[in-house]
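The next block holds one structure in the form of structure tokens; read it before the comments.
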Amino acid sequence: MQMMEGAEFRRRRKPLTPMMGRQQLSRVAATVADEFANRLTRWDRFAQSGEPIDLQHEINGVVIPAFMRAMFTVGLSDAELHRLDVDVRTLMQSASSPLLLGAAPRVLPGDGNPVQAWLRMRRWVKQRVEERLADSRSYHDLLQILLDARYEDGTPISRRDVITEAIMLIGGGYETVVAALAWTLALLPQNPQAQRRLYDEVDALGGALPCYADLDRLEWAKACFDEGQRLQGLLLQPRFAMIDDVIGGYRIRRGTLIGLPIYALQRDPRWWGPDADKYEPIRFYDKDIVAARPNLAFLPFGAGPHRCFGAAMGYLEAQFFLAQVHQRFRIQLPAGWAPEHDPALPWPVKGGVPAVVSKIPVAAQRI
């Protein structure tokens, strides 16, 4: 759908819009929270040993299985999750390469070959679709919403298009969230007051797993995530000019590849002040501060009709993850360490996020 334009795009988007609406996401929220809780128990051994970990890698190990359960209901083996993750990363890298943001894709057989990765994912998703169509039981996951979607004339989305849309959802449903969460947790300890406020907000849940209704109560968690996304930025957002035009005195011919400088936009002192490089979640929590800047000064999910289809799902994952991590753990980063950008999509932290985690004793002072 993201590759479509005009009437074709509008026709496809309309039946899929409810997929990321309140009613449908409320159905998968418990699944996400439950899988997060299950996967975060694995962090207990890191806390017990005190061994350094790559936080970015470990976030991936929590988020991807939760998203896949929300997508397909069934839990996947670690081997299946690893295979899917490798293939998604391969496709991300191949998307980066034409923009000179990553290494050239591998052309020989094996891991790193984007054609093989795409075909392998298609086969895997096709099998899940065929299994679902042969299953008479009722499901409330994202795959079922895709299968139940109907165009205005009542016809279903073709099986081929269901498979393609499912692959696109997988590609955008966790990898970008993982990278943004890694940036958030790499920056949050730099602002102890903001971190303490997040612990206080999470404490109000009383130790219970967050549910969909709690999203409105986790506004500071959302602000922390948005500030992480702002400083994460993106080197550019590529778009093709659909018509000949003149922008800022420059003649742009139809078909020209234009890169929106998201990184620069989201650090522009005009909108973010002289301390634009500083991590301050209040920028997204204070309604007056938000209202004082243009809406298009912050574009983590794009804008307009092509705004990221799964933005609401991304926020659900991020707010739940930040809440559940801060219910259980302290995170300590090396003294003097600061995150750097990896230029490849989806713009992760270069080299990962070195950290030591420790358990939070019951009723203990957080910070």
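The values are calculated or read from the model by the stated rules, or taken from the named source; none is laboratory data. Keep in mind it's a predicted model, so treat the numbers as computed, not measured. Note that each Cβ is placed from the backbone with ideal geometry, even for glycine, and that neighbours are counted across all protein chains shown.
So is ALA70 crowded, with 17+ Cβ neighbours inside 10 Å, closer than 26 Å to VAL357 by Cα, at pLDDT 90 or above and in contact with a Ser or Thr (Cβ under 8 Å, 6 or more places away or on another chain) or not?
Details: crowded, with 17+ Cβ neighbours inside 10 Å: yes; closer than 26 Å to VAL357 by Cα: no; at pLDDT 90 or above: yes; in contact with a Ser or Thr (Cβ under 8 Å, 6 or more places away or on another chain): yes.
Taking the combined requirement at face value, the residue does not satisfy it.
Consider region 150-168. How many of its residues are surrounded by 10 or more Cβ atoms within 10 Å (Cβ to Cβ) and out of contact with any Asp or Glu (no Cβ under 9 Å at 6 or more places or on another chain)? So that I can check it myself, show each step before the final result.
The first filter runs over region 150-168 and keeps only residues surrounded by 10 or more Cβ atoms within 10 Å (Cβ to Cβ), leaving 150-151, 156-157, 159-168.
Filter again for out of contact with any Asp or Glu (no Cβ under 9 Å at 6 or more places or on another chain), leaving 150-151, 160-168.
The total comes to 11.
Going through region 216-248 one residue at a time, which ones are among the basic types (Lys, Arg) and touching a helix residue (DSSP H, G or I) at 6+ places or on another chain (Cβ under 8 Å)?
At the first step, the residues of region 216-248 found to be among the basic types (Lys, Arg) are 217, 222, 230, 239.
The answer is ARG217, LYS222, ARG230.
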remark   = For helices (runs of 4 or more DSSP H) lying entirely in region 111-225, having 1 or more residues that are under 30 Å from PHE329 (Cβ atoms) picks out 142-148, 159-173, 175-187, 192-203
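Among the residues of region 32-80, count how many are of a type in the set (S, T, N, Q) and closer than 22 Å to ILE163 by Cβ.
Pass one, region 32-80, residues of a type in the set (S, T, N, Q): 38, 41, 48-49, 56, 60, 73, 77.
Add one more test, that the residue is closer than 22 Å to ILE163 by Cβ, and what stays is 73, 77.
Looking only at that region, the number is 2.
Would you mind finding the one in GLN266, GLN319, GLN332 that is touching a Leu at 6+ places or on another chain (Cβ under 9 Å), within 19 Å of PRO189 (Cβ to Cβ), at pLDDT 95 or above and of a type outside the set (Gly, Ala, Ser)?
Working: GLN266 fails: within 19 Å of PRO189 (Cβ to Cβ); GLN332 fails: touching a Leu at 6+ places or on another chain (Cβ under 9 Å).
Only one candidate passes the filter, namely GLN319.
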request  = Within region 297-312, track down each residue that is part of a helix (DSSP H, G or I) and either modelled with pLDDT of 95 or more or more than 29 Å from ASP268 (Cβ to Cβ) (or both).
outcome  = ALA297
Single condition GLY351 does not satisfy, out of (1) under 30 Å from GLN237 (Cβ atoms); (2) at pLDDT 95 or above; (3) surrounded by 14 or more Cβ atoms within 10 Å (Cβ to Cβ) = (3)
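Out of curiosity, is ASP54 at pLDDT 90 or above, charged (D, E, K, R) and more than 29 Å from HIS140 (Cα to Cα)? Outline the logic, then answer.
Details: at pLDDT 90 or above: yes; charged (D, E, K, R): yes; more than 29 Å from HIS140 (Cα to Cα): yes.
Judged against the criteria, ASP54 is a match.
Looking at region 319-334, can you tell me whether even one residue there is in a loop (DSSP other than H, G, I, E, B) and either without any contact (Cβ under 8 Å) to a residue 12 or more places away in the chain or surrounded by 19 or more Cβ atoms within 10 Å (Cβ to Cβ) (or both)?
Let us first name the residues in region 319-334 that are in a loop (DSSP other than H, G, I, E, B), namely 333-334.
Imposing the further condition that a residue be either without any contact (Cβ under 8 Å) to a residue 12 or more places away in the chain or surrounded by 19 or more Cβ atoms within 10 Å (Cβ to Cβ) (or both) reduces the set to 333.
Checking region 319-334: at least one residue is in a loop (DSSP other than H, G, I, E, B) and either without any contact (Cβ under 8 Å) to a residue 12 or more places away in the chain or surrounded by 19 or more Cβ atoms within 10 Å (Cβ to Cβ) (or both).
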query = Which members of region 212-229 meet the condition of being within 14 Å of GLU317 (Cα to Cα), touching a Leu at 6+ places or on another chain (Cβ under 9 Å) and either free of Cβ contacts under 8 Å to residues at least 12 places away in the same chain or surrounded by fewer than 22 Cβ atoms within 10 Å (Cβ to Cβ) (or both)?
reply = TYR212, ASP214, LEU215, LYS222
task = Go through region 326-364 and give me each residue that's hydrophobic (A, V, I, L, M, F, W, C) and out of contact with any helix residue (DSSP H, G or I) (no Cβ under 7 Å at 6 or more places or on another chain).
result = ALA335, TRP337, ALA338, VAL356, VAL362, ALA363, ALA364
message = Looking at region 253-269, can you tell me whether even one residue there is part of a loop (DSSP other than H, G, I, E, B) and touching a residue at least 60 places away in the same chain (Cβ under 8 Å)?
response = no
message = Need the failing condition index for TRP271 against (1) more than 30 Å from GLN24 (Cβ to Cβ); (2) within 23 Å of the chain's Cα centre (by Cα); (3) of a type in the set (Phe, Trp, Tyr); (4) modelled with pLDDT of 95 or more, just the number.
response = (2)
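Taking region 335-359, which residues are outside any strand (DSSP E or B) and among the charged types (D, E, K, R)?
First, pick out the residues of region 335-359 that are outside any strand (DSSP E or B): 335-340, 342-348, 350-353.
Hits for region 335-359 are GLU340, ASP342, LYS350.
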